[in-house]
Structures are given as C-alpha cells and as structure tokens.
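See structure below.
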Number of protein chains: 2
Amino acid sequence: MTTSLPASAQPASPRGLPSPLGLHRVLDPPGVLPQAAWRLDPSPAIAPDEIRVRVGRLNLDAASYRQLRETYAGDPGKIRAAVLDIIATRGKMQNPVTGSGGMLTGTVEEVGPRSPLGLKPGQRIATLVSLTLTPLVITDALARWDGLSEQVPCEGHAILFARSIAAVLPEDLPVPLSLAVMDVCGAPALTSRVVTEGAVVVVIGAAGKSGSLSAAAARKAGAAKVIGVVPTQAEAELLRDPTATQDPLVDEIVIADAREPVGLAAKVEQAGGPADVTVVCVDAAGCEGGAILSTAQGGTVIFFSMATSFSAAALGAEGLAADVTMLVGNGYVPGHAEFALDLLRTTPAVRSLFERRVQE
Amino acid sequence: MTTSLPASAQPASPRGLPSPLGLHRVLDPPGVLPQAAWRLDPSPAIAPDEIRVRVGRLNLDAASYRQLRETYAGDPGKIRAAVLDIIATRGKMQNPVTGSGGMLTGTVEEVGPRSPLGLKPGQRIATLVSLTLTPLVITDALARWDGLSEQVPCEGHAILFARSIAAVLPEDLPVPLSLAVMDVCGAPALTSRVVTEGAVVVVIGAAGKSGSLSAAAARKAGAAKVIGVVPTQAEAELLRDPTATQDPLVDEIVIADAREPVGLAAKVEQAGGPADVTVVCVDAAGCEGGAILSTAQGGTVIFFSMATSFSAAALGAEGLAADVTMLVGNGYVPGHAEFALDLLRTTPAVRSLFERRVQE
C-alpha cells in the first residue's frame, strides 16, 4: 500500500508544532526544506504525526556510491568510514559531492497517533522519498557492509514525516523485484492518467523498466495501439514476450535512434503513428525533438527521463510549431507503487522483462 | 493574425516533394531538421507551400550578440563581417558558438499556392520561429547596421516553410511593443488553456512581460484570485497600476524570494493560496521547489522560465510528495500572438507595464 497525505496538507506550521514536511527537524540552516538542509535532527523521539522506522538496508544512489568508490580508490574500509561520517555529521545520508541520497527498507517501529500515512508497527516498508531528506541514525557502524556495492545492510533508525511517501513491501514478490518496480512507479501512474480510450501511444525505451510498465499502463488505460521504440535489435528481442503465450506488451516495435527526430518520426508513422501520447523513458540526452515530432498536433509528451533538457523541449516544440502538451514526469502520484506492482502481477510480459532485468 | 499549420501536418514527405518542416532545404548534414543542420539552401525560388519574405530587420538573440561583441572586442566592422560570414556560410543566422539565432521582421513577397499560413504579399510580419531554422540571404552587406546592438536593419530574403509560425504586425501598435508581446506570447496562451473558472492563480514574476500577460490571461479565464509574486518593492510598485483608475492586474502582491520555498509558500498562503495554478515567469534558477510548494495538491505548475531545471522540478515534486501536474511551457500555441496582443489592447495595466518595460 502506498500512503500519502491528504490534499489539504500545507507546508507552513506555527513555530513549535511539527511540520508535515519536517521543517522542525532542520537544524542548519534554519528555515530551509529538509532536502536543502546541511544538517537534520535524527532524534528517535517522534512527533505526533511522525513515524520511526527500524532500518534494515540502505540503497545508495548509484552516482553517490560511484563518487565514494572513486574517491577512496575502492577501499571498503574508507568507503564505510566516509558513509558513517556523512550520516553522523548531517543526520541524513546525502553525499555532499553529488547531492544525492538513495532509499531505504526497514520495519515500522513506532507510529505517531496523528500520522496520516496509514502504516502499522511491524510492517516492512520501502521509503519512496529520498534519503536526502530523511533523518537517519546508524547504530551498527555498518559492520555488515562489505563496501563493495551500493546495497548497505545496516541497523539504525529513520524518521518519516506526515508528508512522506512509503510503500509496504508485498509478501508475494521478492524484495529486489518490488524495489525495482517502486523505483520507477511514477511513470506508469502518470501514463495511466494521461492516456484515454482509443489513443495511439508511443513509448520510447519500451524495453526498460519504466518503459515496459508505461506500455502496460497505456494498454490498461484503453490505448488502441502501443508502439514501443527501442534502440537495438537486442532490446527488441527483450521486448518480445519470449514465451509468446501471452498478449504482447506492445503492438508494434520500432528500432530507431530516438536522438534522430526525422528518422524516428518517419518510422513511428510507418508503425501507425503519430502518437496521441508519447512517453519518454530512455535515459539518453537529446530525445526531445524526436518525441515531439512523433506526437500528433494536440497530443501529449510525458518526459520521464532525467536526461531531459527543459530548454530543448520548450524550444524544440516552438521550432517545430508543435502544439503539444509537455509534462514533467512527476515521480509522485498517489497510489503509484501499488498500481505499478499490480501491473507487474497482472502482466506476464512485464514480469518476465523485470525478472530478466533484475538478474542482470 | 497568427498563422499555423492544421493538425494533420506530419514531418515526413516523399523524396523530392517539399517538407512542411523544410527538410528539403537541408544541405548538410542530410536528413536532420533545419535547426540541427550546419547549412541550409536559402535559394529565393519557393516550393508550392513556402513563402518568401523581404527582410527588413534581424533581432539577434541576446546571448549570440554578446558572444560576438566579446569575441571581436566591440569592433563594429569585425562583428558585421562575422554575421555576414555566418549567414553566407550556413544559409541561416545561427551563431555557431551559442547555437542561438533570433527573429526577423519583414514584408511578405511571394506566397506559394499551397502555403497554409494564410499570409498575403505586402503584409508586414514577424517570424515567431527561430532564425536558427530560417533560410536567409543578406544582399546589402549589412551596410546600415552600426554593429552596436542586436537590432540589425538589413536587406535580403528569408523562406518560411508550411510549418512555420509568423504573425502579422498590427497597424495599431508600435512595432517594438508588438515584438515585445510576441516574444512572450506563449505564456498567456497556455495559461489561458490551463486556468479554469474560480481558480486561485499564483504568477511568479508577475511584473515582467510574460508574467503580466499571464496574470491578465488568468483573469480573463475566470480566475477567482490572482496573486502576483515579485522579488522587490520596486517591482511591486511597477505591478501596481500607476493610474489606479483601472482594475488592478492582480488581487494580491507578494514580495518574496521565489528561490526560498518555505518562505514563499508561507507568504502565498497568507495571500490566499495555495494555488490551483502556478505560473513561473522569472528567469532565475532554483524556483522549482517554491512553485511546487505554493501549489495545492492536484494543482498545476506551468514553467515558462528557461532557467527551469527539469530534474529539480521532477525530483522536487517527488521529495515534497506533491501531486501536481507540471507543464513545460511550450512557446507555441495556435493563435498565441493574436491572443497576447488582444490582452495588451484590452488590459490597460498590461499596456502601461509593457510601455514602461519597453522604454527601459
């Protein structure tokens, strides 16, 4: 279950009362959001709307772990000491060089009487807000971590605010699979909101995790045709359901370089485009023009790739006289984790693709 | 009048036939969009769906002119020679260092029988697509340009494709005023699409050109309350209608630093927020969090600032568990120039603000 705050929650709160955004946990500098803070107060005592979680594992952001590994030349002891020092100094795991955090899994330990998150003690959860804004204390000196990967088994506690996002880890799925789904669960949820009955949908990067879930979401929302764009023959093979006993994830597969607008749009048109909705799920720079050009006038482009350039999208649409609605893919949509997990459970082609991806 | 192509126009066209996007004018490298091309064919003979314009003035992009001025230490002769060389070499005015162009004004000279733009010979127009994709020839060696500003009086011709955007310069307004409006006309058009009857609208940067037009558009679309955010007391004075005889442009003025989310959201709330729609019109980096936090759950943020960071918006919303729709401000909405010019004509506070801004 994904939990979230009702629509009325606002940031400001009178001095002294807990803030749904955790402003009362900010020590330095005062007045900024927890993510922007240098130091948080990770004290275990919770406010009436907070939750304390017993932490079992940190998943460090890939860029953060890479920076640490390179800085300390792969020395596990030094990497471990650096992570411990960051957490002790800042009250949260936010790499001061990369600015990034990661997420954690753990068990709900204590729930304040006014927490709106709907969690109960004993539930195994994953946090879907970043470690960069999560108060955190480590108590086992990371003794069980070998320092060789971004997966950090540990003991300690973390604090969730009223306006946090956490999802209960399902009993019926392996944890790595659930985490892989939760990592990209905003994409299918927003796709589902935007796609209407009978739409032609293009998913750029359809063989990836967010792409395959978005394709399944488009299908479920009633798309008349789903066109999956992949860069190579190998990705096309991955996208085809290997068992061929189930409905295929997409109706048409286009192999194209999404960074070449003219070639991409021509191939999409041959496959049944242009799209009413185009979903960009590839983490490559320079896909804005191709996505815009593959979309019909009056259509919508949803950008989920963090490699998206805001100005390339805005100026690209203007330069093409393209009357398209362009959405910044918001990683948070209420109910997104549960929705994505259900897609995985009910779409064999998605599950098969994820299981192959997670094994890699 | 703004002219644009019907929704059915698609990019691909059989080899040999003109492309609505001008692909047939691309010389090097073949197959890319005109904007991405190194060199275009600016021949004066037009295809059946093209238009040739007699050019009267180029308005170079500010960043492009600055780069030229700095490179040539302000020497007008060298700057002039450099611009001539770029246009002669590339067949378009696209600064190879900055990648940017600008726009032009001129007179329609010849209209192909299948041009969908609705223009007639003799009409004075401004192009609303970039010079970076407009075939251009200069015939007077820029003899009338002093090289001292980005305003370049000149003689020559330019080509408009089927899928170009051009607006007729109105007879009833001074040209600099019309150009200033057209420069930002996408913002009020999209604001008008998004704002619904009774909405609370926050405009960040409300005393600017795109901001004031967006505020007027929100009012016209039926907003119940328009809150204008400005950074300083001086900007607040600019926003207040100096004559005080007309309806004010905004209902509430908030003076705040939009880069400080917590402070901004608190002040917006005091002024009647949070917003159903927040429009970001300030060209400053770091306004994403404040805009998101000033917007109610279920609301919409429209980012018009080119300083917007895609990842800051996407990750910011997730970190705040904010269920907001985030739109990339598309500079093109059909009818946008005419709509914005009408707002200026019918909203004395906007006209007054523009006249003071344009004089600066």
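Taking (1) away from chain B (no Cβ under 12 Å); (2) out of contact with any strand residue (DSSP E or B) (no Cβ under 8 Å at 6 or more places or on another chain); (3) buried (at least 24 other Cβ atoms within 10 Å of the Cβ) in turn, A:Glu237 satisfies each apart from (3). Take B:Arg144 and decide whether it is touching a Pro at 6+ places or on another chain (Cβ under 8 Å), within 30 Å of B:Lys78 (Cα to Cα) and of a type outside the set (Gly, Ala, Ser). Yes; evaluated as a whole, the condition is true for this residue. None of B:Leu315, B:Leu293 is farther than 16 Å from B:Ala206 by Cα and modelled with pLDDT of 90 or more except B:Leu293.
Taken over segment A:309-349, residues that are aliphatic (A, V, I, L, M) and over 30 Å from B:His336 (Cα atoms) amount to 7. Looking across A:Thr196, A:Thr134, one residue alone is among the hydroxyl-bearing types (Ser, Thr, Tyr) and farther than 30 Å from A:Asp75 by Cα. It is A:Thr196. In the condition set (1) within 20 Å of the chain's Cα centre (by Cα); (2) at pLDDT 95 or above; (3) over 11 Å from B:Leu160 (Cβ atoms), B:Gly106 is compliant with all but (3). For segment B:266-281, filtering for residues that are among the hydrophobic types (A, V, I, L, M, F, W, C), more than 9 Å from chain A (Cβ to nearest Cβ) and under 21 Å from A:Pro20 (Cα atoms) leaves 3. Name every residue in segment B:242-262 that is buried (at least 17 other Cβ atoms within 10 Å of the Cβ) and either out of contact with any Cys (no Cβ under 7 Å at 6 or more places or on another chain) or modelled with pLDDT under 95 (or both), in order of residue number. Residues satisfying the conditions are B:Leu249, B:Val250, B:Asp251, B:Glu252, B:Ile253, B:Val254, B:Ala256, B:Glu260, B:Pro261, B:Val262.
Residue-wise test of (1) among the hydroxyl-bearing types (Ser, Thr, Tyr); (2) crowded, with 24+ Cβ neighbours inside 10 Å; (3) assigned to a strand (DSSP E or B); (4) within 7 Å of chain B (Cβ to nearest Cβ).
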| residue | (1), (2), (3), (4) |
| --- | --- |
| A:Asp283 | no, no, no, no |
| A:Ala291 | no, yes, no, no |
| A:Thr300 | yes, no, yes, no |
| A:Ala307 | no, no, no, no |
| A:Met326 | no, yes, yes, yes |
| A:Pro334 | no, no, no, yes |
| A:Leu344 | no, yes, no, no |
| A:Ser352 | yes, no, no, no |
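Picking from residues in segment A:131-161 that are buried (at least 21 other Cβ atoms within 10 Å of the Cβ) and of a type in the set (Ser, Thr, Tyr), the one that is farthest from A:Pro42 (Cα to Cα) is A:Thr132. For A:Glu318, the conditions (1) touching a Gly at 6+ places or on another chain (Cβ under 6 Å); (2) within 30 Å of B:Val333 (Cα to Cα); (3) more than 7 Å from every other protein chain (Cβ to nearest Cβ) all hold with the exception of (3). As a summary of the residue check, B:Ala296 satisfies the conditions (1) in a loop (DSSP other than H, G, I, E, B); (2) under 19 Å from B:Ala256 (Cβ atoms) except for the one numbered (1). Across segment A:19-32, the qualifying residues are those that are in contact with a helix residue (DSSP H, G or I) (Cβ under 8 Å, 6 or more places away or on another chain) and in contact (Cβ under 8 Å) with a residue 24 or more places away in the chain, and the one among them that is nearest to the other protein chains (Cβ to nearest Cβ) is A:Leu21. Does A:Ala36 fit the bill of being within 18 Å of A:Gly122 (Cα to Cα) and without any contact (Cβ under 8 Å) to a residue 24 or more places away in the chain? No, not satisfied.
Can you find a residue that is among the aliphatic types (A, V, I, L, M), over 17 Å from the mean Cα position of the chain (by Cα) and within 16 Å of B:Pro348 (Cα to Cα) anywhere in segment B:167-175? Yes, segment B:167-175 has at least one match. Looking across segment A:42-77, the residues that are more than 26 Å from the chain's Cα centre (by Cα) and surrounded by 15 or more Cβ atoms within 10 Å (Cβ to Cβ) come down to A:Ile46, A:Ala47, A:Tyr72. Scanning segment A:87-102 for residues that are out of contact with any Ser or Thr (no Cβ under 7 Å at 6 or more places or on another chain) and buried (at least 19 other Cβ atoms within 10 Å of the Cβ) yields a total of 4.
Take B:Thr300 and tell me if it is in contact with a helix residue (DSSP H, G or I) (Cβ under 6 Å, 6 or more places away or on another chain), under 21 Å from B:Val181 (Cα atoms) and not small (Gly, Ala, Ser). When the stated conditions are applied, B:Thr300 does not pass them. Going residue by residue through segment B:205-220, is there one that turns out to be surrounded by fewer than 19 Cβ atoms within 10 Å (Cβ to Cβ) and not β-branched (Val, Ile, Thr)? So far as segment B:205-220 goes, yes, one or more of its residues are surrounded by fewer than 19 Cβ atoms within 10 Å (Cβ to Cβ) and not β-branched (Val, Ile, Thr). Among the residues in segment B:33-54, are any within 14 Å of chain A (Cβ to nearest Cβ), small (Gly, Ala, Ser) and outside any helix (DSSP H, G or I)? Looking for residues that are within 14 Å of chain A (Cβ to nearest Cβ), small (Gly, Ala, Ser) and outside any helix (DSSP H, G or I), one finds at least one in segment B:33-54, hence yes.
Taken as a whole, segment A:78-92 holds no residue that is of a type in the set (S, T, N, Q) and under 17 Å from A:Arg57 (Cα atoms).
Screening A:Ser164, A:Ser192 for residues that are surrounded by 20 or more Cβ atoms within 10 Å (Cβ to Cβ), over 12 Å from the mean Cα position of the chain (by Cα) and under 30 Å from A:Ala47 (Cα atoms) leaves exactly one candidate, A:Ser164.
Looking across segment B:309-324, the residues that are farther than 27 Å from A:Gly319 by Cα and in a helix (DSSP H, G or I) come down to B:Leu315, B:Gly316, B:Ala317, B:Glu318, B:Gly319. Just name the residue that is nearest to B:Leu23 (Cα to Cα) out of those in segment B:42-62 that are modelled with pLDDT of 95 or more and among the small types (Gly, Ala, Ser). The residue in question is B:Ala47.
The values are calculated or read from the model by the stated rules, or taken from the named source; none is laboratory data. The structure displayed is predicted, hence computed values, not measured ones. Heads up, the Cβs are rebuilt from the backbone with ideal geometry, glycines too, and the neighbour counts pull from every protein chain shown.
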